[in-house]
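For reference, the structure is listed below as structure tokens.
We did not get these values from a lab; they are worked out from the coordinates using the rules stated. Note that the structure is predicted; figures quoted are calculated from it, not measured. Here the Cβ positions follow ideal geometry from the backbone for every residue, glycine too, while neighbour counts run over all protein chains shown.
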Amino acid sequence: MDKVIEFSHNLISKVVTKDDTTLDLTVGNGNDTLFLAAISKQVIGFDIQEAAINNTKKKLEGYDNVTLYLDSHENLDKYNLANIKAIIMNLGYLPNGDKNITTMAKSSLNALKKALKALMVTGIMVIVIYKGHQEGYKESIKIRNYVKKLDQKYYQVLQYEFINQINNPPYVIAIEKIKDEDK
Ligand SMILES: C[S@@+](CC[C@H](N)C(=O)[O-])C[C@H]1O[C@@H](n2cnc3c(N)ncnc32)[C@H](O)[C@@H]1O
């Protein structure tokens, strides 16, 4: 069975082509951004840490299709983003970085709501949730409660989780937009 990141990337690979724009809401060390850069026409990425933006820039040497913003994903609506084919939001803190700087339940949920507006029909948003730390546990509850109630007329939502692993392993929420809410 695929691990959570592999599973997330596979879902995205199935829908994204070289004509598409994609979005990474937490670039971190740039692994997801690099994956998106290789399969998309254009990638837009956000992170609040300069270290993350720099790590990602290094990883993306040779790619000229990525724009990175040192800003919170909660502000993504300020960048006029629309028709995005795939979005990844890998929550938590920067691996090998400051564990006190982590995504927060309230802003992650706001970003998720804004991101769904920017997602095009047939597009997919993937969220990787780490419920094993305190803020991650809050995020897990808030996000699950929200996505569970998304109207199935407009969205399909799935959860991918290894339920017999110890130490609260990360799990995936994936959301496919099947119809625009205002249509
Ligand atoms: C688990 S890491 C991301 C891993 C990354 N996708 C990768 O492939 O290496 C989470 C990242 O979220 C960032 N972050 C925390 N709060 C944020 C916010 N409000 N907006 C954007 N990024 C945020 C952290 O700085 C950290 O780099």
Query raised in the report: How much length, in nm to one decimal, is gained on full extension between Asn168 and Lys99, taken as 0.36 nm per residue of separation minus their Cα-Cα distance?
Result: 23.1 nm
Report summary line: Everything considered on the Cα gyration tensor (a ≥ b ≥ c; rounded for a/c under 1.5, else prolate if a/b is larger than b/c, else oblate), the chain must be described as rounded
Query raised in the report: Using the beta-carbon distance between Lys113 and Glu61 and R0 = 35 Å, what value does 1/(1 + (r/R0)^6) give for FRET efficiency, to the nearest 0.05?
Result: 0.55
**Report entry** Average projected area [Cα convex hull, the stretch 5-80], square nanometres
**Finding:** 4.9 nm²
Query raised in the report: Could you give me the ³J(HN,Hα) list for the stretch 105-113, computed from phi with Karplus coefficients 6.51, -1.76, 1.60 and θ = phi - 60°, whole Hz, x at Gly and Pro?
Result: 3, 5, 6, 5, 5, 4, 4, 4, 5
Query - the stretch 1-120: relative contact order in percent, alpha carbon pairs under 8 Å with at least 6 residues between - result: 26 percent
Query - Extended-chain gain in nm, criterion 0.36 nm per residue less alpha-carbon gap, Lys3 and Ala51 - result: 14.6 nm
Requested in this report: Determine the percent antiparallel among the DSSP beta bridges restricted to the chain, to the nearest 5.
Outcome: 40 percent
Requested in this report: Under 15 Å from the Cβ of Leu11, count the other residues' Cβ atoms, weight Lys and Arg +1, Asp and Glu -1, and hand me the total.
Outcome: -3
Requested in this report: Mind giving me the nanometre distance, one decimal, between the label points for Asp182 and Glu161, set 7 Å out from Cα along Cα→Cβ?
Outcome: 3.4 nm
